Amino acid sequence: MLEVLSVTKTYRQRGRTITALDDVSLTIPDGALYGIAGRSGAGKSTLFRILTALQRPDSGKVVIDGDDLFSLSRRALRERRRKIGIVFQQFNLLHGRTAAQNIEFPLELAGVPAEQRRQRVGDLLDLVGLADRADNYPSQLSGGQKQRVGIARALASEPSVLLSDEATSALDGETTKQILDLLSQVNRELGVSVVIITHELDILRRHASHVAAFDGGRLVEDGPVLSLITDPASRIGHDLLPRFTSAPSHGIRRALVTLRGEEHAAGFLADYGKDADYRVLSGAVYDVVGEHLARYELDLPDEAAVAALDSRSSDAITVEYA
Ligand code: ADP
């Protein structure tokens, strides 16, 4: 588990004090894919540098698997950082080493025996889909492939958490999506917690288990994605999954129905149509945290339609009214 406790960080610039993080507390559960969202200047990169112990906060704590990072000795902190996987945006690969040798590097530093190293590097190359590129040098790889090597290298020391700042990524949109898909695969298959800073809300909607939204150095909202998108008061939930539209309606109520799971979504409208003469104002099926989620905005003509809809509401079928 990774905990941020009352972290504050300020910068001094030309006599002014800039509060980049203002009393931020959050918990990243084991195995989470935790997305950090927010506009430019929100404090995301500062948080990233503090979580990766590249920078100290003015006050507050970061506790990873029980270790309070900033109260460790310099030496202990150096050791501890080996267990924090960082995916660097500039890749930071060693140019004189092949892909395989780059991945092997942290294992050499940690004194892992050669045979074990070879085995592990082979597994990691397979995992990131670069088995056929093992002997290529960084100059022979595309940006996306270099990033895959970077991810494999970050995983070599079996970190409990992997952090990636995609918001500052030098990669194009399509490659960034592929990298985020890979991070999500790593999260699922290896159970490693992943923290991603990104502007790509559709990626967070598809893959993230939790999202934290920052604004002006403050944590404004955080929680499981499914809770946020079904909470009418959540702004980030609204950004992740659109809610009511401005489509004109003529009935007595406007309802937003969210259906979790394919078995509920598939026959819902047809079944409801037996009881009510509704109109669909908007509707779409989304991938949310690996499951299908359908959302329909319905125009209801009369009280009977409202009652019929209410009677269908359950854990898997959420009904809200405008
Ligand atoms: P984000 O990653 O969300 O864009 P940052 O963490 O980079 O946000 O920045 C948060 C605030 O702190 C911004 O107002 C930014 O200008 C300021 N800031 C960040 N780094 C420094 C620095 N090294 N010196 C002065 N101000 C900084």
Residue count, the range 274-290, condition at pLDDT 90 or above, exposed (fewer than 14 other Cβ atoms within 10 Å of the Cβ) and more than 16 Å from Arg254 (Cα to Cα), comes to 1
Which is open to solvent by less than 60 Å² (accessible area, probe 1.4 Å) and in contact with a Pro (Cβ under 8 Å, 6 or more places away or on another chain), of Leu69, Leu21, Leu47? Leu21
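One line per residue, one yes/no per condition, for (1) modelled with pLDDT under 95; (2) within 22 Å of Asp65 (Cβ to Cβ); (3) over 24 Å from the mean Cα position of the chain (by Cα):
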site	(1), (2), (3)
Arg97	no, no, yes
Asn102	no, no, yes
Gly111	yes, yes, yes
Glu115	no, no, yes
Val121	no, no, yes
Ala131	no, no, yes
Glu158	yes, yes, no
Glu166	yes, no, no
List every residue pair whose Cβ atoms lie under 7 Å apart, where the two residues are 6 or more positions apart in sequence or sit on different chains, the first residue falls within the range 158-182 and is within 12 Å of Thr198 (Cα to Cα), and the second residue, located anywhere, is assigned to a loop (DSSP other than H, G, I, E, B) and at pLDDT 90 or above. Leu163/Thr52
Among the residues of the range 173-191, what is the count of those that are open to solvent by less than 10 Å² (accessible area, probe 1.4 Å) and either under 17 Å from Arg235 (Cβ atoms) or of a type in the set (A, V, I, L, M) (or both)? 5
Residue in the range 50-64 that is touching a helix residue (DSSP H, G or I) at 6+ places or on another chain (Cβ under 9 Å), open to solvent by less than 30 Å² (accessible area, probe 1.4 Å) and at positive phi present: yes
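Being assigned by TED's automatic domain parsing to the domain that holds Asp181 and modelled with pLDDT under 90 is true for just one of Leu293, Leu219, Leu204. Which residue is that?
Result of the check over Leu293, Leu219, Leu204: Leu204.
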Selection from the range 192-209 of residues that are surrounded by fewer than 23 Cβ atoms within 10 Å (Cβ to Cβ) and in a helix (DSSP H, G or I): Leu201, Asp202, Ile203, Arg205, Arg206
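Can you pull out the residues in the range 142-172 that are of a type in the set (A, V, I, L, M), surrounded by fewer than 20 Cβ atoms within 10 Å (Cβ to Cβ) and either more than 16 Å from the ligand (Cβ to nearest atom) or under 24 Å from Arg118 (Cα atoms) (or both)?
Passing the criteria: only Leu171.
The values are calculated or read from the model by the stated rules, or taken from the named source; none is laboratory data. Everything quoted here is computed from the prediction, not taken from an experiment. Here the Cβ is made from the backbone with ideal geometry for all residues, glycine too, and neighbour counts use every protein chain on show. For the accessible areas, the whole protein counts, side chains as well, though only heavy atoms, and no ligand, DNA or RNA atoms are used. Shrake-Rupley method; radii C 1.70, N 1.55, O 1.52, S 1.80 Å.
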